[in-house]
Structures are given as C-alpha cells and as structure tokens.
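Encoded as structure tokens, the structure appears first; notes follow it.
The values are calculated or read from the model by the stated rules, or taken from the named source; none is laboratory data. Keep in mind that what you see is a predicted model, and the values were worked out from it rather than measured. Don't worry about glycine lacking a Cβ; one is built from the backbone with ideal geometry, like all the others, and counts go over all protein chains shown. Quick note on the areas: whole protein, heavy atoms, side chains included, nothing else; ligands and nucleic acids left out. Shrake-Rupley method; radii C 1.70, N 1.55, O 1.52, S 1.80 Å.
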Amino acid sequence: MLRARLLTALVLLAGLLLVLFTFSPTQARIAFALLMALAAWEWAGLMRQDRSARVLYAAFVLFACWQLHAAGAALTGLTLTLGVFFWLLVAPIWLRLGWRMRGNDMVGYGLGLVLTLACWSAMALLFARGPGVLLAAMAVVWVADSAAYFVGRAFGRRKLAPAISPGKTWEGVWGALAGVLFYALLLVPFAPLPPIALIVLALLLAVLSIVGDLFESLLKRQAEIKDSGSLLPGHGGVLDRIDGQLAALPVAAWVLGRWAA
C-alpha cells in the first residue's frame, strides 16, 4: 500500500508540474476543469447518485467551467467569493451541527457546483499570477497534511473530531501549523505580501485545509463509504486528494487578488 501511495504521489506531482510549467493558460484551465469534473463525479457519488446522474453532473461542472472562462473576471470573482464565504463561515457551522446531504437534494448539487467552481476559479487566477504562485499555495496544504500526519502518529493523544475522523488529533493540528509556519518563513523573500501577512495567510490556509479534510470525511461517513473513489491507487479518489485544496485555494486567490493586485 505504501509503495502504491508513493508511486501515485510521484505521478500526480509530475503531472501537476507538467501542467504548471508547460501548458498555456488556456490549456491549464482545461486541465483544471477536467480535475473538477472528476471531483464532481465523486461528489455525486457521495450523494448516492447512480452512474448516469454522476456523468451528467460531471459534464455540467465541466460546462460551467467553460462558461466561467468565457464570462471573464466578474463571474469568476463572484464564484470565488461564494467559495470563500462557505469555507470561512458555513463549513465550521456545518461540521459543528453535522448537517447531511441527501440524494436528489438540490442543495447538495448546488453546493458541489459552488465548491468545484470556486476551486477552479482559484487555480486559474493563481496560475495567471504565475505557475510558482499556484504551486506555492498548493504546497501549503501538502506541508500541513504531511506534518499533521507524522506529528499525529508520533505524539497524537487528544482526538480532534473523533465522531468524524478518529485518526486526527490536536497534536497533529499543532504539527501542521508549525510545519506551515516554517514553510511560510522560507517563502518570505519571494512572496508579494508583507512577511506578517504571508505568515497569517499561510496559517489560515493550513487551518482551512484541515476544515476541508474534516468536511469531506463527514460526507463520506454519512454516505457510509471509506474513500470518495478508487481512481488513485493508495490514495482513494480525487476528492480525497484535493479536499484541503478545495478549502484553501479560494481563500488564497481571494486574498492575493485584493492585497497584491
């Protein structure tokens, strides 16, 4: 399992670097849209929809990404703001109250649309600032996830949310924040933000990545499934790999769009 997990991670990283540093902006947006379509396929699975409904939903998200691309900055910015609003204000309440998505529920479809389009918008906008900017923002989530995993395994005692994700601990959270703080300090000479603002943003993104992880874990638990899919050997599904990015990237793009315009 570990070998498959590492091999898949290397392949995914190589594919991401290929997209970031060899694709044109339009080609990159298409690649990001295909990623969101795969996430939408799995999202519909969390709603317990059948294969045909999942295909239609994935196709609709792909079409919506194209429409955002055609519409330009105004609609993209609105979608991004909706995603930021959800992750900063709604998601913590959702986790606290344990709300459910039910099959054939338009709220579930609408929420999936907002979250995938907000992430697509964020990836497109961050990529437009430079491939390295998007890579650096995504790496915040990777650093937080890795640090939380290793610190949690070594020192984890106090459960973070045992009813949602029994493996996560408060020690892992502090490890994630410490790892991201160190990473942010390394970015200071290259970032378009003042050092304090960069550190605060990086720590906020780390917290949001944990919120995104818990949110997807809650949906999977309610759907009574272990993984969102089986596309990625050793990792589960696409949503399992990008749950933290779904929450963190829209906020990163939103802040950079206002602070470092």
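K159: which aspartates and glutamates have alpha carbons under 14 Å from its alpha carbon, excluding same-chain residues fewer than 8 sequence positions away?
E171
Please compute the contact order of region 65-122 in relative form: average sequence separation of alpha-carbon pairs under 8 Å and at least six residues apart, divided by the residue count, as a percent.
Relative contact order for region 65-122 comes out at 55 percent.
What is the Rg over Rh value, at two decimals, for the chain, using alpha-carbon atoms and the Kirkwood definition of Rh?
Working: Rg = 17.4 Å, Rh = 18.6 Å.
Value, to two decimals: 0.94.
Just from its helices, what would the mean residue ellipticity at 222 nm be for the chain, if runs of 4 or more DSSP H residues each count -39500 (n - 2.57) and the sum is divided by every residue, rounded to the nearest 500 deg cm²/dmol? Could you put the intermediate results ahead of the total?
Details: 10 runs with 202 residues, N = 261.
After summing the helix terms and dividing by the residues of the chain, the value is -26500 deg cm²/dmol.
For the chain, calculate the relative contact order in percent as a whole number, restricting contacts to Cα pairs under 8 Å that are 6 or more residues apart. It would help to have the intermediate numbers written out before the result.
Numbers: 337 pairs, mean separation 64.3, N = 261.
Worked out over the chain, it gives 25 percent.
Label point 7 Å out from L7 along Cα-to-Cβ: which residues of region 18-42 have amide N under 11 Å?
Inside the label zone: nothing.
Express the C-alpha Rg of region 170-261 as a ratio against the empirical globular expectation 2.2 N^0.38 Å, rounded to two decimals. Could the numbers behind the result be given before it?
Working: Rg = 15.3 Å, N = 92, 2.2 N^0.38 = 12.3 Å.
Against the compact-globule rule of thumb, the ratio is 1.24.
Quick one: Kirkwood hydrodynamic radius for region 143-191, alpha-carbon pairs, angstrom, one decimal? Before the final figure, lay out the partial values.
Values: mean 1/r = 0.0905 Å⁻¹.
When all Cα pairs of region 143-191 are included, the Kirkwood radius is 11.1 Å.
Restricting to DSSP loop positions (anything but H, G, I, E, B) with no more than 13 other Cβ atoms inside 10 Å of their own Cβ, which chymotrypsin sites (Phe, Trp or Tyr not before Pro) remain in region 95-165?
Details: sites: W99, Y109, W120, F127, W142, Y149, F150, F155; in loops: W99.
Filter output for region 95-165: W99.
Send over a whole-number figure in Å² for the accessible area per residue of the chain, probe 1.4 Å.
Values: 13190 Å² over 261 residues.
Per-residue value: 51 Å².
Can you work out the PRE-style zone for A197? Point 7 Å along Cα to Cβ, and I want the residues of region 240-261 with backbone N under 19 Å.
249-261
Cut-off under 18 Å on the C-alpha distance; same-chain residues fewer than 8 positions from K220 excluded. Which aspartates and glutamates are left, in chain and number order?
E42, D50, D105, D240, D243
Starting from region 93-164, pick out the trypsin sites (Lys or Arg not before Pro) whose DSSP state is loop and whose Cβ has at most 15 other Cβ atoms within 10 Å. Could the numbers behind the result be given before it?
On the way: sites: R96, R100, R102, R129, R153, R157, R158, K159; in loops: R100, R102, R157, R158.
The qualifying sites are R100, R102, R157, R158.
Once you wrap a convex hull around the alpha carbon atoms of region 1-64, what is its projected area averaged over all directions, in nm²? Mind showing how you got there, number by number?
Numbers: hull surface 21.7 nm².
Taking a quarter of the hull surface, the average projection is 5.4 nm².
Return the single residue from V180, V188, V61 with maximal mean-square fluctuation; model: Gaussian network over the chain, springs between Cα atoms under 10 Å.
It is V188.
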